[in-house]
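*Asks:* Below you will find the structure I want to go over with you.
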Amino acid sequence: MFELNHTKLAVDTRFADIAHELSALSPINSRESFNRYCREACRLWNEAFPNGIGETEQFAKLLNRIEHANDGVIRTGWGGVVITLHEHPRVEKYLVVRKGGYLALEMHEQKDERLEIREGAGLILWRPPNEQSLTVEVLRPGGEFHFQPGMEHCIIGAEDLLVFERSIDPKGMDQDLIFIYEPVAFLLPSHAC
């Protein structure tokens, strides 16, 4: 079970109403409550920012590469991954998250990862060291996060979102994924929030 801390989200008055509404969905204690939370976060964001707040330049190019290439890409329900470096144990890749898409709430036993938000906007749920609750924060270009092994985290693409990930992955790329709660099947992009 994961309580959610929306304090950092509510500090910025533009996100205070979203934080208040999402607080009613805490805790996350099942796959169903996780998916409800992520879908509601996208819905509330879209209501508050119908024209969005983020800008993208490389997103469409990278999404097109995911949809039309076979080498160096991984297609997912939320968008996909473009791998830019794979020299075991080092991995560098772009997470290309479509508006309305979200990754699993996950953690890793050994993988150490650093995320840098490059384009777009969204939310991140993560558990800081020595904390019990998941912190909810806005993702905007320039934001950086460091997830040491054992730290739970989830990315929500409230808008199209481009995240660059650098990691040390001793077990091998995508071999150290511990899914706590996974997304349900995604709607077609035209129906996403």
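The values are calculated or read from the model by the stated rules, or taken from the named source; none is laboratory data. What you are looking at is a predicted structure, and each value in this text was computed from that prediction instead of being measured. When we count neighbours, we look across all protein chains shown, and the Cβ atoms used for this are built from the backbone with ideal geometry, even at glycine.
*Asks:* Would a scan of segment 92-102 turn up a residue that is surrounded by fewer than 21 Cβ atoms within 10 Å (Cβ to Cβ) and part of a loop (DSSP other than H, G, I, E, B)?
*Replies:* Checking segment 92-102: not a single residue is surrounded by fewer than 21 Cβ atoms within 10 Å (Cβ to Cβ) and part of a loop (DSSP other than H, G, I, E, B).
*Asks:* While we're looking at this one, here's another question. Among the residues of segment 54-82, which ones are under 19 Å from M173 (Cα atoms) and of a type outside the set (G, A, S)?
*Replies:* I66, N70, D71, V73, I74, R75, T76, W78, V81, V82
*Asks:* Name the residue, out of Y102, Y181, that is within 22 Å of A60 (Cα to Cα), touching a strand residue (DSSP E or B) at 6+ places or on another chain (Cβ under 8 Å) and of a type in the set (S, T, Y).
*Replies:* Selected residue: Y102, the only one of Y102, Y181 that is within 22 Å of A60 (Cα to Cα), touching a strand residue (DSSP E or B) at 6+ places or on another chain (Cβ under 8 Å) and of a type in the set (S, T, Y).
*Asks:* Looking only at segment 117-133, count how many residues are more than 17 Å from L9 (Cβ to Cβ) and in a loop (DSSP other than H, G, I, E, B).
*Replies:* 3
*Asks:* Taking the condition of being surrounded by fewer than 18 Cβ atoms within 10 Å (Cβ to Cβ) and more than 19 Å from E159 (Cβ to Cβ), how many residues in segment 1-12 meet it? Break it down into steps so the answer makes sense when it comes.
*Replies:* If we filter segment 1-12 for residues that are surrounded by fewer than 18 Cβ atoms within 10 Å (Cβ to Cβ), which is where we start, we get 1, 3, 7-8, 10-12.
Narrowing the set further to residues that are more than 19 Å from E159 (Cβ to Cβ) leaves 1, 3, 7, 10-11.
Of the residues in segment 1-12, 5 are surrounded by fewer than 18 Cβ atoms within 10 Å (Cβ to Cβ) and more than 19 Å from E159 (Cβ to Cβ).
*Asks:* Further question: In segment 26-57, how many are part of a loop (DSSP other than H, G, I, E, B) and buried (at least 16 other Cβ atoms within 10 Å of the Cβ)?
*Replies:* Going residue by residue through segment 26-57, those that are part of a loop (DSSP other than H, G, I, E, B) are 26-27, 29-30, 49-57.
Then keep just the ones that are buried (at least 16 other Cβ atoms within 10 Å of the Cβ); that gives 26, 49, 54, 56.
The qualifying residues number 4.
*Asks:* Within the set of pairs 6 or more residues apart or between chains, which connect a residue that is of a type in the set (S, T, Y) and modelled with pLDDT of 95 or more inside segment 148-171 to a residue that is surrounded by 21 or more Cβ atoms within 10 Å (Cβ to Cβ) and in a strand (DSSP E or B) with Cβ atoms less than 8 Å apart?
*Replies:* Matching pairs, first to second residue: S167/V91.
*Asks:* I've got another one for you. Going through L85, L162 one at a time, which residue ends up being within 13 Å of the chain's Cα centre (by Cα) and part of a strand (DSSP E or B)? Walk me through it before giving the result.
*Replies:* Numbers: L85 fails: within 13 Å of the chain's Cα centre (by Cα).
Testing whether each residue is within 13 Å of the chain's Cα centre (by Cα) and part of a strand (DSSP E or B) leaves just L162.
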